[in-house]
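Engineer: Below is one structure. I have some questions about it.
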Amino acid sequence: MAVFVCTRCGNCCRAIGPQIEIERRLGAKDCYCRFRLTGERSLVHLDPGFSLPDEDEPIESGICPFLADGEGGALCTVYTTRPRWCREYQCIAMQIANQQGERIGKVSGRRSLSTINPELLACWEQQIRPLTSQDDGTWRQQAGTILRRAGYQVKIYDGTDDA
């Protein structure tokens, strides 16, 4: 499995951000947050250099309340103590490149291909979409094997890295 390298685009924090709310403050650096989809709560501590916004300060709608803009990209202000749901979130499951190494597609979520390459799209529709494995890890391995045999370079991210 490849190790996913974060580009600090912040898309993951924007994707699940609306589901995260600050539930209870425990001072300027600590709070309980809640994941709305499951009701799960987590205690987080803000990393050095960050503090919680004032309670009456509006938080930008649609993003994680712990996302900040920083030099070089987006920053997670609770990265060291981020909740389990953030640690397990995968913005990309697979990257697909042509024989020259140019990225031409990606798989997001569980099994959603994003590409404008007609050959890759045809390969996907004919050989990968019919795969029936329910287990995501098995499915990714099967899809990766098919794509490599078709001449593509594939990086599969398993979501277990804590980077």
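The values are calculated or read from the model by the stated rules, or taken from the named source; none is laboratory data. None of the values given here were measured: they were computed from a predicted structure. So basically every Cβ, Gly included, is an ideal-geometry build from the backbone, and we count neighbours across all protein chains shown.
Engineer: If G144 satisfies every condition in (1) of a type outside the set (F, W, Y); (2) in a helix (DSSP H, G or I); (3) touching a Leu at 6+ places or on another chain (Cβ under 9 Å) but one, which is the exception?
Structural biologist: (3)
Engineer: Then there is this: Restricting to the range 13-56, and then to whatever is exposed (fewer than 13 other Cβ atoms within 10 Å of the Cβ), modelled with pLDDT under 90 and among the hydrophobic types (A, V, I, L, M, F, W, C), can you tell me which residue is nearest to D69 (Cα to Cα)?
Structural biologist: For the range 13-56, the residue satisfying everything is A28.
Engineer: Just for the range 83-110: of the residues that are modelled with pLDDT under 85 and in contact with an Asp or Glu (Cβ under 8 Å, 6 or more places away or on another chain), which one is surrounded by the most Cβ atoms within 10 Å (Cβ to Cβ)?
Structural biologist: Residues of the range 83-110 that are modelled with pLDDT under 85, as a first pass: 87-93, 108-110.
From what's left, in contact with an Asp or Glu (Cβ under 8 Å, 6 or more places away or on another chain): 87, 93, 110.
Numbers: R87: 13, A93: 23, R110: 10.
Only one residue fits best here, namely A93.
Engineer: Still on this model: Give T80, T115 a once-over and let me know the one that is among the polar types (S, T, N, Q), touching a strand residue (DSSP E or B) at 6+ places or on another chain (Cβ under 6 Å) and either at pLDDT 90 or above or in the same structural domain as S51 (by TED's automatic domain parsing) (or both).
Structural biologist: Details: T80 fails: touching a strand residue (DSSP E or B) at 6+ places or on another chain (Cβ under 6 Å).
After ruling out the rest, the residue left standing is T115.
Engineer: Every residue in the range 98-117 that is in contact (Cβ under 8 Å) with a residue 12 or more places away in the chain, over 16 Å from R140 (Cβ atoms) and not in a loop (DSSP other than H, G, I, E, B), please.
Structural biologist: Answer for the range 98-117, where residues must be in contact (Cβ under 8 Å) with a residue 12 or more places away in the chain, over 16 Å from R140 (Cβ atoms) and not in a loop (DSSP other than H, G, I, E, B): I104, T115.
Engineer: Taking interchain pairs and intrachain pairs at least six residues apart, which have beta carbon atoms under 7 angstrom, with the first residue in the range 132-144 and more than 11 Å from Y157 (Cα to Cα) and the second part of a helix (DSSP H, G or I) and among the hydrophobic types (A, V, I, L, M, F, W, C)?
Structural biologist: Close Cβ pairs (under 7 Å, with a partner that is part of a helix (DSSP H, G or I) and among the hydrophobic types (A, V, I, L, M, F, W, C)) amount to S133/W139; A143/I128.
Engineer: Would you confirm whether or not the range 91-102 contains a residue that is of a type outside the set (A, V, I, L, M, F, W, C) and under 19 Å from I16 (Cβ atoms)? Full working, then the answer.
Structural biologist: Quick first cut of the range 91-102, residues of a type outside the set (A, V, I, L, M, F, W, C) only: 95, 98-102.
Those still in the list that are under 19 Å from I16 (Cβ atoms) too: none.
No, the range 91-102 has no match at all.
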